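Every number here is computed from the coordinates shown, using simple stated rules; none is lab data. These numbers were taken from a predicted model, which means no experiment stands behind them. When we count neighbours, we look across all protein chains shown, and the Cβ atoms used for this are built from the backbone with ideal geometry, even at glycine.
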Amino acid sequence: MTRRALALAALALAACNKGSAGPAFRLAEPSSLAVFWGISHKNPGLLHPYVAVANTGQDELVVFDPVDDSTVAAPIDIRPLSIPTPDPRPALVASARFGLTSSPPATDQPDLLVAVSAGATSLQLIRTWADTSAAANPDPGLAVDANDSPLSVDLGAEVIDLRAMPEVDGTGAIVPDRAWAVASLIGGTLAVVEYQLTETSDSSGPIAPVSGAATLQDLGFEALSLAVDPSPSGNAAMAVTLDQRSGGYPQNPYYLYAASLDPISGSTYGVAQLDMRGTPGAWPVRAIDAHAPTRLVAAYTLRERQTSYRGGYIQENAPTVDDTDLAADGGDFNDTAASRVYAYLDPQSCGPKTAVACGVAVLDPAAGDVLEDPWNPGASPKQYLPPMAVAAQPLALVPGTPPAQAPSTTDSTSDFEHYPYMAIIAGGSRITTGVLVMPSADGRIYYADLARWELPGNQYEVATFGVETQVTAFRASGSDSPQIALYKPAVEPIYSNYFATNTSAALEPSSLAAAFVRVTPGFTPDDLWSVTYQGYLPDFVDDRVAEVEDAGNGQLRVALQSGSGSTATQVVNVFDPAYGVRVGDIVELRTTPILFGNPPDYACPDVSQTDPSTGTYFKAIEGKIVSVDKPDASHPGGSLVLTTADCVPLKLGITPTCEVLTYGPWTSKPGCWAELRGASLPVRIRAGGGGAPDDTARDGKDLVVVATDAGYMGRATTVSGNTQGDPNYPSFSADSASEAALVALCPLMPFDPLTVPDSCDESCRRTCEQAAIARRVRRRHLVSAYCAQDDTTCTSNFSFADFRFPSFVYPTASDPLAEPYPPPIGPAIAFSVGVYTVAATAPDLLVRDTQILITTHAGYVPSSRYGAGTNYGAGARPFGAVTFDRSADSNWSKQGDGVRFYVPYVGNTVLDVSPSHFNSDTHVLR
Amino acid sequence: MTLTARGTHGYGSPLSVRSLLTRASPLALSLLLACAKAGLQPAPKLDWLHYPAWMAAYADQDQLLVVNIDQDLAFSDGWVTGFDRGSDTPGTGVVLGGADVPNVAGKIMVLDPATAGACSGAFGQFQPPLALVAGRTESALYQIPLPLPTTPGQKVASNRIGLDPFSAAEPYGLAYTCGADLVPRAWVGFQAGAGDVGYVSQVDLRANPITGADVVEVNVGIGTPRSFAYDAAHDRLYFTGKEYLLRGALRWIDVGQGCKTFDGGVQDESQGGCHVDVGWDLGAVLRGAEPNEIQLSSDVSPCTAGGYTGDCRRAYISVRIYDADLAHLSGTRPSSDIGGMLWVVELPEGGLGRPDPQVVQMLDVGVTAGDVHVIPRAGQRDLVAVTVLDDGLLWLYDDESGTMVKVIGSNAVGLPPLGHKPTAIVSKDLGNGVVRLFVSSFEDHFVTAVDVPVADPSAAQVATGTDGNGNVVPLRWKGNTP
């Protein structure tokens, strides 16, 4: 079948809406959702939950019922109800529950629903209550005043984010019949609009703004995202009495959180905590340090995992609950709940070039700081929990509460009793106490297990089944010249059954050496690693333009730039140690006659031509770096001082030789070196290789290590052989353990070519290089499972983890279930390397470009939900999300559905997904 | 073989179904044109607007040049219609003369002493003022001497520069550079390339267009180019490219001494030719994102992202969002969009001789994001106007505050005041704190003026004029189009 036929078939399938009944949703660029309780003709006279959709492309709101995923039809029953907005392109909607009064009953109270359009400053109120006017419209609509003018409030500036919440008083108590809509505005202003619900003995409504103007507060920073903690008030005590409004009132109703790229309260980058118990317009602001600017924020209160083995997830398909004494269940989660704030760090302010790893930071609002590493409490300096790494940029953070009627086990469909637990389904099923849903830029919806500070994976990094963290492929040097080989560790067997049959091998050149590579779950990425003698540095494998000058003493100065001085372009910061350029490295000067004006007596090799004798391109003339000079006015990225290169170790035919005539120094063209002065030509840079290229020593060779994705990883130095392995294993380790210490010793981080100190010599640059590498191999995932077997097996014999991951720290106490059991820490990759001589008669020289390749597999693929694409793959451009608990009212008979999340996609789609169900239970609403 | 990490340019992918389609489309277009012309279609009506797509202004004479691409092939050629840009007369406007260009023409740009920069002196045959128009169906670049004649319907002869691409077709995007070597170069991007490879022709404007222009065809890698923007300070020509295998890249050419043709007509960086960078993939930032039009900020300003210090220039990019899932399944980009955005991207210099793009803003604008137009402001970051074709919108983005401040969409009765498919934007500073935008409506065949108070762009509105009956009506020109 052709691809086109497949496409047509897919389109035909896509025409089938597997989401809903009733009129089609008629969605056009939906961008925002809000769940509200209100009145419509779909459920006459009954307060019922609905979802308002900002249907941006149609300049309207449409409404659907989240209980059955069907639209509220328009009076003409062929399309959904449309609520046109006064301003075009509605972009944000928000809803809030009003505070309860004793009479009339709470269930009669409609919710506040407001909307604002892109580029507009007007906040529009939407009617959710029964219309008692002469028109008596039975459905939600635009709220108007007595003159039929829209009930809107001008905020004075364009809106960045919008939230609504019940109003609280100075004590933090919820005020009856009042609610706030809070908008962050451009320019660093917060606008608060107060709404009042009018209640009479026989009706609830209307709702109206208390004042025609918003109360403004100058924050001093621009809030990109707002959040309140939606965790229900019973979560801490676990003595929950929920009404049918899923979740009841929030647990901490008086804190509003704001993410910002700007410093908060003067100098802190992170999240602002605003105390709404104060007077609107003057809410006190407190900074929570996230150690980096933030773009998105969420808050939640939950019982987090225990730090012992029991806190892992593998066995958790049912909560260990003592229904008579929940706080003493001896189970897997802490007995008390903790308030947490989750902040997506600005991706441009974190990562390997900075001191902070990227992801979603877990913040402790009580401490005003990132959550302390629970396995290292009280350490000095303070140790922090790493951010939850994300697979793609989240576009929203939405916490989800456990369902009001939670299943007793992850596979239960009929027994509901264990609030506040919820099931999530990833590689397996597990129980947790809260999730954070993240619609992301790659079109997928990821979710975090908040109790364990991780995004669950579709696979297990530590498992007796599947493909755990490991080396999946190893390509040996495979020549009859000396080869790069790995040493067997003298202690701590690493992996697999190799040792059963190869107990005497000490230096293994074949693919069996894969067993000698150490990997660490949570650190080792999916990547391809090359280990090469005199290989190219990864950032200099392609041509880069360079200006060549006379450096005196027969030496040349090469600056990787075009032009000179302040007008230079294509400037490469060769002095920046992060790129790995070292003294002793080799610069290929790629000469062609056209660069020299096609002189008839051209004195250099023409790398654009092939050598008739070999059929390969002529090699470049090379120089060896004798100095890496700091930037100056003429060379804004620094420069390299070169002397003529050493010979090049290679094999011509069957003869090993260190060649000089037509390689390296090109002694057959003695005039070339001098001709290079003043030239502008492309260059490439190779690692020097350590030692003299023509010696036959087996130790001291520097092999350049490159990870295809992660980049330059330094040099692995060959060590002398042992008969039974290397007691100093590993000789090379790409790890982050010493990052802080190395960074503290490096004056070049972050690298600024304008402020390079004179004091940083080559040794200093090596330290900086190691620091830069340490940042590239930080933890990537917080592994929360250490053993893939049952409790008994795992606690009595850690054989699996012990066998494959010796870097794990094992409990030694009498009760291993209770002892803190930290996630593994170790190198992304480590090994000991040597030079292996094939046979006594084999050539002696280690030849340039001799190489081994190692493929590593992380064993971790974060679980996601998706289906917004035409072929039910990942869609494009999701926006926010809202959550709805279908188990909240047993009359709906939807307990098994639990908590659902709705995510709008720009492609005229809303997805209905659940982390508690497989992706096959995703519903597409179009 | 030694594996060398990184550094893959992605050139030379095998011919695919996509490439066959790419090759077929210009062929089909040519056949269609041949049939149309064989049918003795009427000559262009130089005082009409007929699918006005692209526009440019010759500021010195206050002339507005509108390219009518004659999409339905109702005429024997496309044409350029001139208007008096300073007129406040609604209806026909003040029509000037024009020039013939091929049907389905590409973009237009005006080179005058102000825009030609240091190369505007007597450099060979380069004698601005002139307009350049890409002739998509003719694989040629057209030079139109300026000013246009003031007599309506009077035609000025244009010069044809044959591009004669070896592996490409449909010249579309245009750019102009004048670097340190003081060589005036025009750059023409092709919408079709063999194997979906992108090609750009570099035209040395000093050469005599009649006797033989100096043209270099440059392979710019997978993905055909669309829109250009030149950063003179870094001598870097940015260009956006069409999606290929879910990759939609912003790429650039480091111009230097220009691109050079070597053996076999191949531009070769290793022999001193320009550097074409593999660029930065917007699709990796947001699935389904494909860059369309690009403009650079009028000035640099302090860098704000990525930990960079110093000054940065920004790029304003209209981004089209397509159904990546369908593209993945079918092996080709769907013809229609599902969304659109304006991206604001800072362009700090990274440490490896290339920019390190940093996304500052991603703003949703609607389906089929179109032209981008920068309005400079003294002491402030720019205002940016963006058209959205399928949703019929004009947005104004204020880069000082970082937000959309105005959208002109449908009016109260659902009609788009700027017409259907608002396409191109040209501006004029009225000198009273107001910048007037001219927006072409591709489907409704008129140009509408929008007045933007630069101090309060949220107050922007469709400009008005007085018609012959004394009524105040929108300032909209359609020439003598019936």
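May I ask for the distance between the Cα centers of region A:665-712 and region B:140-169, given as a whole number of Å? Each part's Cα centre sits 52 Å from the other's. Most tightly packed first, judged by the mean number of other beta-carbon atoms within 10 Å of their residues, the peptides B:142-149, A:454-461 read A:454-461, B:142-149. Take each residue of peptide B:317-328, count the partner chain Cβ atoms within 10 Å of its Cβ, and average: the result is 6. For A:Glu372, the shell of other residues with beta-carbons less than 11 Å away shows a net charge of -2, using +1 for Lys and Arg and -1 for Asp and Glu. Annotation: aspartates and glutamates with alpha-carbon distance below 12 angstrom to B:Lys421 (same-chain offsets under eight excluded): B:Asp371, B:Asp390, B:Asp391, B:Glu443, B:Asp444. For A:Arg79, the residues whose modelled amide H falls within less than 5 Å of its own, excluding neighbours fewer than 5 places apart on the same chain, are A:Ala74. Sort region B:43-171 into rounded, prolate or oblate with this rule: let a ≥ b ≥ c be the square roots of the eigenvalues of the Cα gyration tensor; rounded if a/c is under 1.5, and if a/c is not under 1.5, prolate when a/b is larger than b/c, oblate otherwise. Judged from the Cα gyration tensor, region B:43-171 comes out oblate (a/c at least 1.5, b/c at or above a/b). Put simply, the amide H of A:Ser731, placed in the peptide plane, has neighbours under 5 Å in A:Phe831, A:Ser832, A:Val833, leaving out anything fewer than 5 places away on its chain. In order along region B:421-438, the Karplus-derived 3J(HN,Hα) couplings, from 6.51 cos²θ - 1.76 cosθ + 1.60 at θ = phi - 60°, round to 6, x, 10, 9, 10, 10, 10, 8, 7, 6, x, 10, x, 10, 10, 9, 9, 10 Hz, and Gly and Pro are given as x.
A dipole drawn for the protein assembly as shown from +1 and -1 charges on Cβ atoms has a positive end, and of B:Thr81, A:Trp453, A:Ser133 the residue lying farthest that way is B:Thr81. The 3J(HN,Hα) values that the Karplus relation (6.51, -1.76, 1.60; θ = phi - 60°) gives for region A:869-880 are, in residue order, x, 4, 9, 6, x, 5, x, 10, 6, x, 10, x Hz. Gly and Pro appear as x.
Summary of packing: across the peptides A:574-587, B:410-423, the per-residue average of other C-beta atoms within 10 Å ranks them, highest first, as A:574-587, B:410-423. When the square roots of the Cα gyration tensor eigenvalues are ordered a ≥ b ≥ c, the ratio a/c for the protein assembly as shown is 1.5 or more and a/b does not exceed b/c, which makes its shape oblate. Only one residue of B:Gly273, A:Cys746, A:Thr171 has its Cα farthest out toward the positive end of the dipole of the protein assembly as shown, where Lys and Arg carry +1 and Asp and Glu -1 on Cβ, and that residue is B:Gly273. For the peptides A:298-306, A:774-782, the ranking by packing is A:298-306, A:774-782, with the highest mean count of neighbouring Cβ atoms within 10 Å listed first. Summary of the geometry: region B:355-429 and region B:445-470, compared by the centres of their Cα atoms, lie 15 Å apart.
Per residue of B:346-354, other chain Cβ atoms within 10 Å of the residue Cβ number 6 on average. Phi-derived couplings, Karplus 6.51 cos²θ - 1.76 cosθ + 1.60 at θ = phi - 60°, listed residue by residue for region B:440-457: 8, 9, 5, 8, 9, 6, 8, 10, 10, 9, 10, 9, 10, x, 5, 7, 9, x Hz, with x used for Gly and Pro. In this structure, the residue pairs whose Cα-Cα separation is over 28 Å, taken from B:Lys406/B:Lys428; A:Lys353/A:Lys488; A:Lys353/B:Lys406, are A:Lys353/A:Lys488; A:Lys353/B:Lys406. The local environment of A:Gly563, defined by Cβ-Cβ distances under 12 Å, has a net charge of -4 under the rule Lys, Arg +1 and Asp, Glu -1. Can you give me the C-alpha center-to-center distance between region A:567-602 and region A:106-166, rounded to a whole angstrom? Using only Cα atoms to place each centre, the spacing works out to 65 Å. Taking amide H as placed 1.01 Å from N in the peptide plane, the amide H of A:Asp550 sits under 5 Å from that of A:Arg557, A:Gly678, each at least 5 places away or on another chain. Where only DSSP H runs of four or more residues are counted, the protein assembly as shown gives -2000 deg cm²/dmol as its mean residue ellipticity at 222 nm, each run worth -39500 (n - 2.57). For the pair B:Asn411 and B:Asp60, what calculated FRET efficiency results from E = 1/(1 + (r/R0)^6), where r is the Cβ-Cβ distance and R0 = 30 Å, to the nearest 0.05? The computed FRET efficiency comes out at 0.25. If you take all other residues with their beta carbon under 13 Å from the beta carbon of A:Asp59, and give Lys and Arg +1 and Asp and Glu -1, the sum is -2.
Please report the antiparallel percentage of the DSSP beta bridges confined to the protein assembly as shown, to the nearest 5. Given both bridge residues lie in the protein assembly as shown, the antiparallel proportion sits at roughly 100 percent.
Counted by neighbouring Cβ atoms within 10 Å, the residues A:Tyr257, B:Tyr238 run from fewest to most as A:Tyr257, B:Tyr238. For the peptide B:383-393, the mean number of other protein chain Cβ atoms found within 10 angstrom of a residue's Cβ is 1. In terms of surrounding Cβ atoms within a 10 Å radius of their Cβ, B:Ser335, B:Ser458, A:Ser738, A:Ser832 rank from fewest to most as B:Ser335, A:Ser738, B:Ser458, A:Ser832.
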